[in-house]
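Before any comments, here is the structure.
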Amino acid sequence: MEELTHRQQQALETKAHILDSALELFGQESFENVKITDICQKAGVSVGTFYYYFKDKDSIIKEGYRHFDEELRAWWKSYEPRGTAEDIFAFIQKQFELLLTHGYRIDAQFFKSQLTSVEKYILDERRFSYQVISDLVEKLIANHQLAGEPHEITKHIFMTTRGTLYDWCMYEGSYNLVTMCRKSVGIVLYYYSASADSR
């Protein structure tokens, strides 16, 4: 892999700094109340520099989630799977711990932008998180710990986590997201467990 030039490295750092500054502001104020000039002032860049890296405020949110997926990927590399449902719980818990770092306002805005966006990033089955959960589900089925169609189970897990996250945003982050999500996903996994009497 080629080393980045000083100019390329500087560009990546500038983009990351704008992203971090914007997300910090979005976590403090409502998305609508934060102006691009506010972001530029906090990041110490010109408006022209902002538009060089980002199309608009919505693109900041989307980029934030892509960055979130990369953080998750880095964490997963160091994780040692146990071959049980605990792997799914651990992965989802890490997801939500990362989401908690910026607060409910950013997650709420992401849901809002996805409802009107042509690019449904949240539903993209090529995402790293989807691939990991899908792979874990297939292994649990192969080990006779779950029973059912892999794609259906994986989709059900993501429907449940999105629903829990949406509800948490509606309640303005007033309850423990990680604990509630573990309970919700636990219900789904029990439903598809190989020991369940019926479906």
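The values are calculated or read from the model by the stated rules, or taken from the named source; none is laboratory data. Note that the structure is a prediction, hence the values are computed from the model and not measured. Cβ coordinates were reconstructed from backbone atoms using ideal geometry, including for glycine residues, and neighbour counts include every protein chain displayed.
Hey, does segment 135-147 have a residue that's more than 15 Å from residue 189 (Cβ to Cβ), crowded, with 16+ Cβ neighbours inside 10 Å and either touching an Asp or Glu at 6+ places or on another chain (Cβ under 7 Å) or touching a residue at least 60 places away in the same chain (Cβ under 8 Å) (or both)?
Keep residues of segment 135-147 that are more than 15 Å from residue 189 (Cβ to Cβ), which gives 135, 142.
Filter once more, so that each one left must be crowded, with 16+ Cβ neighbours inside 10 Å: none.
No, every residue in segment 135-147 fails to be more than 15 Å from residue 189 (Cβ to Cβ), crowded, with 16+ Cβ neighbours inside 10 Å and either touching an Asp or Glu at 6+ places or on another chain (Cβ under 7 Å) or touching a residue at least 60 places away in the same chain (Cβ under 8 Å) (or both).
Would you check if there is a residue in segment 101-114 being in contact (Cβ under 8 Å) with a residue 12 or more places away in the chain, of a type outside the set (D, E, K, R), on the phi > 0 side of the Ramachandran plot and not in a helix (DSSP H, G or I)?
The answer is yes, given that some residue of segment 101-114 is in contact (Cβ under 8 Å) with a residue 12 or more places away in the chain, of a type outside the set (D, E, K, R), on the phi > 0 side of the Ramachandran plot and not in a helix (DSSP H, G or I).
Given the structure, is residue 23 out of contact with any strand residue (DSSP E or B) (no Cβ under 8 Å at 6 or more places or on another chain), assigned by TED's automatic domain parsing to the domain that holds residue 185, closer than 30 Å to residue 130 by Cβ and surrounded by 15 or more Cβ atoms within 10 Å (Cβ to Cβ)?
Values: out of contact with any strand residue (DSSP E or B) (no Cβ under 8 Å at 6 or more places or on another chain): yes; assigned by TED's automatic domain parsing to the domain that holds residue 185: no; closer than 30 Å to residue 130 by Cβ: yes; surrounded by 15 or more Cβ atoms within 10 Å (Cβ to Cβ): yes.
No; evaluated as a whole, the condition is false for this residue.
Given the criterion under 18 Å from the mean Cα position of the chain (by Cα) and more than 28 Å from residue 27 (Cα to Cα), identify the matching residue among 113, 134. I'd like the intermediate steps shown before the answer.
Details: 113 fails: more than 28 Å from residue 27 (Cα to Cα).
Of the residues listed, the single one that is under 18 Å from the mean Cα position of the chain (by Cα) and more than 28 Å from residue 27 (Cα to Cα) is 134.
So, in segment 42-77, of the ones that are β-branched (Val, Ile, Thr) and in a helix (DSSP H, G or I), which residue ends up surrounded by the most Cβ atoms within 10 Å (Cβ to Cβ)? Even if it seems obvious, please write down each step before you answer.
Filtering segment 42-77 down to residues β-branched (Val, Ile, Thr) leaves 45, 47, 49, 60-61.
If we keep only those that are in a helix (DSSP H, G or I) too, we end up with 47, 49, 60-61.
Working: 47: 12, 49: 15, 60: 26, 61: 24.
Out of the qualifying residues, it is 60.
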